[in-house]
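The values are calculated or read from the model by the stated rules, or taken from the named source; none is laboratory data. Remember, predicted model here, so these are calculated numbers, not experimental data. Quick reminder, even Gly has a Cβ in these numbers, built from the backbone with ideal geometry, and neighbours come from all protein chains shown. The accessibility values were calculated without ligands, DNA or RNA, using every heavy atom of the protein model including side chains. Shrake-Rupley method; radii C 1.70, N 1.55, O 1.52, S 1.80 Å.
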Amino acid sequence: MRSPVQPTTTARVQDMFAQSAAVLTRPSPATFEQFERRSNLSSALIYVMVAAAVSAAIAAFFALFHSDVTFFGQLLTRLISVPLTFFVFTGLVYLIGRTLFRGTGTYPEVAYSFALFFVPLSIISTLIGVIPVIGWLAMFLITIAMIYFGFLAVQSSMNLRDPVSAGVTLVLAGLGQLAAAAVVGGVLGGLFAVGRLVTGS
């Protein structure tokens, strides 16, 4: 018996971009639910890495024009921080929604649902963010959109249709992510400071 043909990475990314278009143009928990059955953690990771690669490429390019950052520093930082931030946040959404409000979704469903809007909006934010003045306004609007789509994704992926439960889950996950980022930033800052002292640079 022949094994089923596995879709290529390119095909999976193209399929998820099509799903993203549906989510962005028809925002509702029902639209997210159309794609929950296809939820796959590896597909979500691949899709998020697309956003990370775009962010890394743009940040690395503009690092060439600034003396306080390096090309490879920006490249590696974005390739690591974008997926790390995404999976920490979605992990908190899953844990909080399941623990506090007895949500019945799975983590792959949460990660997949959030990736559908995070990736395209993140790419748009990165591309527009380099434009002075307009970039800041666009990033603000995209942040508002992220919150809105995140609210719908929580309702769908964790099956929390109560607006209060979904909203509290989203807010607590955001606060948890900020706390985690502060801790990681402090640790990395300390390591860099020690490195400078040791090397004398």
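Membrane-span-like helices in the chain, defined purely by DSSP H runs whose alpha carbon atoms cover 18 Å or more axially and whose average Kyte-Doolittle hydropathy reaches -0.5, are 9-25, 41-63, 71-101, 107-128, 134-157, 163-199.
Quick one: what do you get for the chain if you divide its Cα Rg by 2.2 N^0.38 Å? Intermediate results must be reported in sequence, preceding the final value.
Details: Rg = 18.5 Å, N = 201, 2.2 N^0.38 = 16.5 Å.
Against the empirical 2.2 N^0.38 Å value, I get 1.12 for the chain.
On the protein heavy atoms, probe 1.4 angstrom, tell me the percent of accessible surface of the chain carried by carbon and sulfur.
Answer for the chain is 72 percent, counting heavy atoms of protein chains only.
Counting each pair of different Cα atoms once, what's the Kirkwood radius of segment 76-152 in Å, rounded to one decimal? It would help to have the intermediate numbers written out before the result.
Values: mean 1/r = 0.0734 Å⁻¹.
Result for segment 76-152 stands at 13.6 Å.
The label-point distance for PHE140 and ILE80, in a model that sets each label 7 Å from Cα toward Cβ, rounds to 3.3 nm.
According to the Cα-based calculation, Rg over Rh for segment 26-134 is 1.06, with Rh computed by the Kirkwood formula.
For segment 66-165, the per residue solvent-accessible surface stands at 53 Å², with DNA, RNA and ligands left out and a 1.4 Å probe.
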